[in-house]
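Structure first, then comments.
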Amino acid sequence: MKLKIQPSKEEKVESLTVRVYEKRKDMGLAAAADVIEKMKSLLRGKETIRMIFASAPSQNEFLETLRNASGIDWQRVTVFHMDEYIGLQPREEQSFSAFLCDRLFDSVKPGAVHLINGVNDINKECRIYSERLREAPIDIVCLGIGENGHIAFNDPPVADFHDPAFIKKVQLDEVSRQQQVNDSCFPKLEDVPTHALTLTIPALMSGCHLYCIVPGATKKNAVQQTLKGPISEKNPASILRRHPACTLYVDKDAYDE
């Protein structure tokens, strides 16, 4: 059964397609329907496809729908994720790799799963992961936007639209760390790691098709700045307005008229 949920509003902001939904669940279902359709279309013409996923509660409805979709040959899909805390073991409970494995990868069993190792030597891990990312084009990137406008962990202090690297070590902005507490990922700020490995903005923007899922009132300012603010590293997500094939899905709580 195809999911066809119509947005309450659709607009174009430069190159960025924006779709607004009345309910968060509808937003997640609609984004998943579009990604499922794109995956199936690409797999009809390619032997394998490569995808990058975000790890955040904002993606829950989207990931659940994707997990339950039928007719996708996941054995022909290679998957990556876009950030990981330094110091957490792969699949440790609060790691981003565990989040995606629990909600998607363990169920659908992609043909290849590349997890960022947050306890490996940092330079070695960046080299290995960068090489894997650069082996072939990235077909689909599924991402969100943080409360401070970050994409992946490219917070405003470290965001670089022309970064020569594909993955790098960053110190996390306190706003990003507090968001992890707000999202109930950690009990208090002191428990949130201070550093992470993140895919850079050029790595994310290299994807052929981007699907950005952003629910909730806490994201309203970030969405407003993404759509109406200057395209600037002070508002990292604003760069999405320059991608030739990016769709932003928001619920009405996250959208600011």
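The values are calculated or read from the model by the stated rules, or taken from the named source; none is laboratory data. Just so you know, these numbers come straight off a predicted model, no measurement behind them. Quick reminder, even Gly has a Cβ in these numbers, built from the backbone with ideal geometry, and neighbours come from all protein chains shown.
The rows are residues; the columns are (1) in a helix (DSSP H, G or I); (2) more than 19 Å from GLY207 (Cα to Cα).
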site: GLY28; (1), (2): yes, yes
site: ALA31; (1), (2): yes, no
site: MET39; (1), (2): yes, no
site: MET51; (1), (2): no, no
site: GLU61; (1), (2): yes, yes
site: GLY87; (1), (2): no, yes
site: GLU93; (1), (2): no, yes
site: LEU104; (1), (2): yes, yes
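Residue count for region 67-109 satisfying the condition of being in contact (Cβ under 8 Å) with a residue 40 or more places away in the chain and aliphatic (A, V, I, L, M): 6. No other residue among TYR255, TYR249 is modelled with pLDDT of 95 or more and more than 18 Å from the chain's Cα centre (by Cα) apart from TYR255. Checked against the criterion of being buried (at least 21 other Cβ atoms within 10 Å of the Cβ), without any contact (Cβ under 8 Å) to a residue 40 or more places away in the chain and not in a loop (DSSP other than H, G, I, E, B), the candidates VAL170, VAL113 yield just one match: VAL170.
Each row is one residue, and each column tells you yes or no for (1) touching a strand residue (DSSP E or B) at 6+ places or on another chain (Cβ under 8 Å); (2) farther than 25 Å from VAL223 by Cα; (3) among the aromatic types (Phe, Trp, Tyr).
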| site | (1), (2), (3) |
| --- | --- |
| PHE62 | yes, no, yes |
| ARG67 | no, yes, no |
| LEU88 | no, yes, no |
| LYS109 | no, yes, no |
| GLY118 | yes, yes, no |
| ARG134 | no, yes, no |
| PHE153 | yes, no, yes |
| HIS162 | no, no, no |
| ASP173 | no, no, no |
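For region 174-196, the criterion of being crowded, with 23+ Cβ neighbours inside 10 Å, within 30 Å of GLU47 (Cβ to Cβ) and in contact with a helix residue (DSSP H, G or I) (Cβ under 9 Å, 6 or more places away or on another chain) is met by no residue. When GLN225 is tested against (1) in a helix (DSSP H, G or I); (2) under 15 Å from the mean Cα position of the chain (by Cα); (3) over 21 Å from ALA31 (Cα atoms); (4) of a type outside the set (A, V, I, L, M, F, W, C), exactly one condition is not met: (2).
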